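Trainee: Input: one structure, supplied below.
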Amino acid sequence: SAVISQKPSRDICQRGTSLTIQCQVDSQVTMMFWYRQQPGQSLTLIATANQGSEATYESGFVIDKFPISRPNLTFSTLTVSNLSPEDSSIYLCSVVSQGAQAEYGYTFGSGTRLTVV
Amino acid sequence: QKEVEQNSGPLSVPEGAIASLNCTYSDRGSQSFFWYRQYSGKSPELIMSIYSNGDKEDGRFTAQLNKASQYVSLLIRDSQPSDSATYLCAASGNTGKLIFGQGTTLQVKP
């Protein structure tokens, strides 16, 4: 299955600034997904990033707040803009990859823990 | 109504017992179903995937899918303290998007 390198692993940011998170995959993938996991909560899909087209955002998430880039089939960035304490969460990227016996699953990066002060 | 629903728990079982985790989904277009395990501070780890009705076994884990009832379950046999974690049920359909339930916290007591 695919291996994802996500960074930074954690950051503490000032209110009003931005943080850019990077995900690098060791193989070419069509779709990359970005999730947010708020404290004590499950994963919520932010957007789907396809190479060569604009990201598709889920209800409640907008491009101005969460701009995404997808310059090629192995790399994507998520920026969390104009930070407020409510943005303090773990952000994860994910891709679909094939594992044993040709079954597929969704692999996750190690996550970025963002704290806004 | 949430698309994927789970009982948040916590579910507490003694060591060696069977843990039964349940999940329902609302989108009949969902085709693939996954169980993830997440330890505190870690990213989700895929345990099982299931695509067709019936049971699928892998070691101590058995996933069950009933598309007519829109129901997915995970059984963990011979539960171990190391199985204590949050278990996330997820579903995907034609769009490829993976939608998660709120997760069930499992506690296995020695």
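Trainee: Answer yes if at least one residue in region B:49-67 is open to solvent by less than 20 Å² (accessible area, probe 1.4 Å), within 29 Å of A:A2 (Cβ to Cβ), within 14 Å of chain A (Cβ to nearest Cβ) and touching an Asp or Glu at 6+ places or on another chain (Cβ under 6 Å), and no otherwise.
Mentor: Yes, some residue in region B:49-67 is open to solvent by less than 20 Å² (accessible area, probe 1.4 Å), within 29 Å of A:A2 (Cβ to Cβ), within 14 Å of chain A (Cβ to nearest Cβ) and touching an Asp or Glu at 6+ places or on another chain (Cβ under 6 Å).
Trainee: If I ask for residues that are within 14 Å of chain B (Cβ to nearest Cβ) and either closer than 17 Å to A:C93 by Cβ or part of a strand (DSSP E or B) (or both), which ones from region A:54-68 would you list? Can you show your working first?
Mentor: The initial filter retains those residues of region A:54-68 that are within 14 Å of chain B (Cβ to nearest Cβ), namely A:55-61.
The answer is A:A55, A:T56, A:Y57, A:E58, A:F61.
Trainee: Which ones in region B:57-107 are touching a residue at least 60 places away in the same chain (Cβ under 8 Å) and over 27 Å from B:P14 (Cβ atoms)?
Mentor: Scanning region B:57-107 gives B:A90, B:A91, B:S92, B:G93, B:N94, B:L98, B:I99, B:F100.
Trainee: Moving on to the next point. In this structure, is A:N82 of a type outside the set (A, V, I, L, M) and at pLDDT 95 or above? Give the derivation first.
Mentor: Values: of a type outside the set (A, V, I, L, M): yes; at pLDDT 95 or above: yes.
Here the answer is yes, as A:N82 does meet what is asked.
Trainee: Okay, next question. Please go through region B:25-60 and pick out each residue that is within 10 Å of the chain's Cα centre (by Cα) and closer than 19 Å to B:N7 by Cβ.
Mentor: Within region B:25-60, B:F33, B:F34, B:W35, B:Y36, B:R37, B:I47, B:M48 meet the criteria.
Trainee: Taking region A:28-44 as the region of interest, how many residues are surrounded by fewer than 19 Cβ atoms within 10 Å (Cβ to Cβ) and either within 23 Å of A:D87 (Cα to Cα) or touching a helix residue (DSSP H, G or I) at 6+ places or on another chain (Cβ under 7 Å) (or both)?
Mentor: The total comes to 5.
Trainee: Considering only residues that are open to solvent by less than 70 Å² (accessible area, probe 1.4 Å) and under 16 Å from A:T79 (Cβ atoms), look in region A:1-17 and name the one that is farthest from the other protein chains (Cβ to nearest Cβ). Walk me through it before giving the result.
Mentor: Pass one, region A:1-17, residues open to solvent by less than 70 Å² (accessible area, probe 1.4 Å): A:2, A:4-6, A:8, A:11, A:13, A:16-17.
Then keep just the ones that are under 16 Å from A:T79 (Cβ atoms); that gives A:6, A:8, A:11, A:13, A:16-17.
Values: A:Q6: 8, A:P8: 14, A:D11: 15, A:C13: 19, A:G16: 27, A:T17: 24 Å.
By that ranking, first place goes to A:G16.
Trainee: Got a number for residues in region B:4-38 being away from chain A (no Cβ under 12 Å), more than 21 Å from B:G96 (Cα to Cα) and not in a strand (DSSP E or B)?
Mentor: Result for region B:4-38: 7.
Trainee: If I filter region A:91-104 down to residues being surrounded by fewer than 22 Cβ atoms within 10 Å (Cβ to Cβ) and either out of contact with any strand residue (DSSP E or B) (no Cβ under 7 Å at 6 or more places or on another chain) or facing chain B (nearest Cβ under 8 Å) (or both), which single residue comes out as modelled with the highest pLDDT? Spell out how you get there, then give the answer.
Mentor: Residues of region A:91-104 that are surrounded by fewer than 22 Cβ atoms within 10 Å (Cβ to Cβ), as a first pass: A:96-104.
Add one more test, that the residue is either out of contact with any strand residue (DSSP E or B) (no Cβ under 7 Å at 6 or more places or on another chain) or facing chain B (nearest Cβ under 8 Å) (or both), and what stays is A:96, A:99-104.
Numbers: A:V96: 86, A:G99: 61, A:A100: 55, A:Q101: 55, A:A102: 54, A:E103: 65, A:Y104: 74.
Restricting to residues being surrounded by fewer than 22 Cβ atoms within 10 Å (Cβ to Cβ) and either out of contact with any strand residue (DSSP E or B) (no Cβ under 7 Å at 6 or more places or on another chain) or facing chain B (nearest Cβ under 8 Å) (or both), the top hit is A:V96.
Trainee: Kindly evaluate B:T95 against the criterion of being of a type in the set (V, I, T), part of a strand (DSSP E or B) and within 14 Å of chain A (Cβ to nearest Cβ).
Mentor: Details: of a type in the set (V, I, T): yes; part of a strand (DSSP E or B): no; within 14 Å of chain A (Cβ to nearest Cβ): yes.
No: the conditions fail for B:T95.
Trainee: Just give me the residues in region B:16-37 being touching a Leu at 6+ places or on another chain (Cβ under 6 Å) and among the polar types (S, T, N, Q), in sequence order.
Mentor: Residue satisfying the conditions is B:S20 alone.
Trainee: Which of the residues spanning region A:18-27 are assigned to a strand (DSSP E or B) and open to solvent by 50 Å² or more (accessible area, probe 1.4 Å)? Spell out how you get there, then give the answer.
Mentor: Initially, region A:18-27 is screened for residues assigned to a strand (DSSP E or B), giving A:19-25.
Passing the criteria: A:T20, A:Q22, A:Q24.
The values are calculated or read from the model by the stated rules, or taken from the named source; none is laboratory data. For clarity, every value in this text was computed on a predicted model and none was experimentally measured. Reconstructed Cβ throughout: ideal geometry from the backbone, glycine too, with neighbour counts over all protein chains shown. SASA here: full protein model, heavy atoms, side chains in, ligands and nucleic acids out. Shrake-Rupley method; radii C 1.70, N 1.55, O 1.52, S 1.80 Å.
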